[in-house]
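Here the structure comes first, spelled out in structure tokens, and everything after it is commentary.
The values are calculated or read from the model by the stated rules, or taken from the named source; none is laboratory data. A quick note: this is a predicted structure, and the numbers were derived from the prediction, not measured. As a convention, Cβ positions derive from the backbone with ideal geometry for all residues, glycine included, and neighbour counts pool all protein chains shown. Quick note on the areas: whole protein, heavy atoms, side chains included, nothing else; ligands and nucleic acids left out. Shrake-Rupley method; radii C 1.70, N 1.55, O 1.52, S 1.80 Å.
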Amino acid sequence: MYGKDGEKYFVVDSHMHFWDASPENWVPGAEQYAKGWIECFHAYQGLGPPETHWTIEKFRKYSEDDLMKDVFEDGYVDVAVFQPTYLKEWYKEGFNTTERNAALGDKHPGKFIANTRWDPRDGEDGLKALRHNVERFGSKGVKLYTAEWRDGSRGWKLSDPEAYRYLEACQELGIKNIHVHKGPTIWPLDKDAFDVSDIDHAATDHPDLNFIVEHVGLPRIEDFCFMATQEPNVYAGLSVVIGGLMHARPRFFAKVMGELLFWVGEDKMTFGSDYGIWEPRWQIEGFVDWDYPSDEYSDYPRVTTATKKKILGLNAAKLYDIEVPAEYRLEDASPAAQDDAHLVEQG
């Protein structure tokens, strides 16, 4: 938890990772992609404050001790949600797998939720693996990567018939939270494979699932906002938004936050540090202190302490049924409410 000026914030980091991108894990013959991927990730870390930058050697494979210190001891996080990314065409044991994440979670009960993943190109075997992971690891959500390469294919869409089979399986298995990477591309993946239009189809057809769009579709922020405002079950995952923009592009950050608050609403926005790209400490401290930089942004909704408490933890806690201590809750509030977009009242 985090405290500032007498206010207490319960923090749920709903999008973070524990990866292995060391050269020992690179697939022979695909080394250029494994190396290029992690170096592109490392370049994104440069958008944070200089004192938080890591060497490329540490960035490729940080330790359990690094993670526990950065996220929990120094980083104020109460509960963290692992979001896997496999990329087995480039990484022999996978880049960041359910198994690796869950093994760490087993050593620290109550600290982590281990989400799993699926890829519709895996067919029946993938459905079996999904059921196995939910049973074994207690996964409450999935992270989907529509731009992942597989046997010559450069991606898939949530609106594909095969993807619908998996979404229906999620409902049968009790999974409600569908996190989807829709945002900045990472070399060598294709930018257009992260387009948000397939979310529009899938969310309408599956009203009982929550679609948390990680990275809010950047750079297609307007496409995302105009789609999300009409879909009551689409949420804005702020990983990359805070970490990638708040320090490096403060005016663009204010615009993106203003658009999200106007169209999507404070009850449908969730914090994610995207660790290990960025550490959560500076993001949380900076966001609690943040406000619009000038009157130029006066037609956007105001940002209150309650707004920040919802975004930093209360919304995600509601989505994941995490018990929040009474002193961190808000009176007369409905975090993670599905329909929160509202007009600005001109004063």
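Of all residues in region 252-265, those that are without any contact (Cβ under 8 Å) to a residue 40 or more places away in the chain and open to solvent by less than 30 Å² (accessible area, probe 1.4 Å) have Cβ atoms under 9 Å from Cβ atoms of residues that are hydrophobic (A, V, I, L, M, F, W, C) and part of a helix (DSSP H, G or I), 6 or more apart or on another chain, in Phe253/Val241; Phe253/Ile242; Phe253/Leu245. If you filter region 214-240 down to residues that are charged (D, E, K, R) and in contact with a strand residue (DSSP E or B) (Cβ under 8 Å, 6 or more places away or on another chain), you find that the one that is surrounded by the fewest Cβ atoms within 10 Å (Cβ to Cβ) is Glu231.
Apart from one condition, Gly272 fits all of (1) surrounded by fewer than 24 Cβ atoms within 10 Å (Cβ to Cβ); (2) among the small types (Gly, Ala, Ser); (3) touching a His at 6+ places or on another chain (Cβ under 6 Å); the exception is (1). Just for region 1-45: of the residues that are of a type in the set (Gly, Ala, Ser) and without any contact (Cβ under 8 Å) to a residue 40 or more places away in the chain, which one is farthest from Glu285 (Cα to Cα)? Among those residues, the one meeting the criterion is Gly29. Go through region 168-188 and give me each residue that's free of Cβ contacts under 8 Å to residues at least 60 places away in the same chain and out of contact with any strand residue (DSSP E or B) (no Cβ under 7 Å at 6 or more places or on another chain). Answer for region 168-188, where residues must be free of Cβ contacts under 8 Å to residues at least 60 places away in the same chain and out of contact with any strand residue (DSSP E or B) (no Cβ under 7 Å at 6 or more places or on another chain): Glu168, Ala169, Gln171, Glu172, Leu173, Gly174, Thr185. Taking the criterion of being over 21 Å from the mean Cα position of the chain (by Cα) and either at pLDDT 95 or above or aliphatic (A, V, I, L, M) (or both), the residues of region 330-347 that qualify are Leu330, Ala333, Leu343, Val344. So, of the residues in region 87-100 that are open to solvent by less than 10 Å² (accessible area, probe 1.4 Å) and of a type outside the set (Ser, Thr, Tyr), which turns out to be nearest to Lys318 (Cα to Cα)? Taking the candidates together, the pick is Asn96. Glu285 meets the conditions (1) among the acidic types (Asp, Glu); (2) touching a residue at least 60 places away in the same chain (Cβ under 8 Å); (3) surrounded by 17 or more Cβ atoms within 10 Å (Cβ to Cβ) in every case but one. The failed one is (3). Residues that are of a type in the set (Val, Ile, Thr) and open to solvent by 70 Å² or more (accessible area, probe 1.4 Å) do not occur anywhere in region 75-86.
Any residue at all in region 308-317 that's surrounded by fewer than 19 Cβ atoms within 10 Å (Cβ to Cβ) and either at pLDDT 95 or above or touching a Lys or Arg at 6+ places or on another chain (Cβ under 8 Å) (or both)? For region 308-317, residues surrounded by fewer than 19 Cβ atoms within 10 Å (Cβ to Cβ) and either at pLDDT 95 or above or touching a Lys or Arg at 6+ places or on another chain (Cβ under 8 Å) (or both): absent. Applying the set (1) without any contact (Cβ under 8 Å) to a residue 40 or more places away in the chain; (2) hydroxyl-bearing (Ser, Thr, Tyr); (3) open to solvent by 60 Å² or more (accessible area, probe 1.4 Å) to Ser334 leaves exactly one unmet item: (1).
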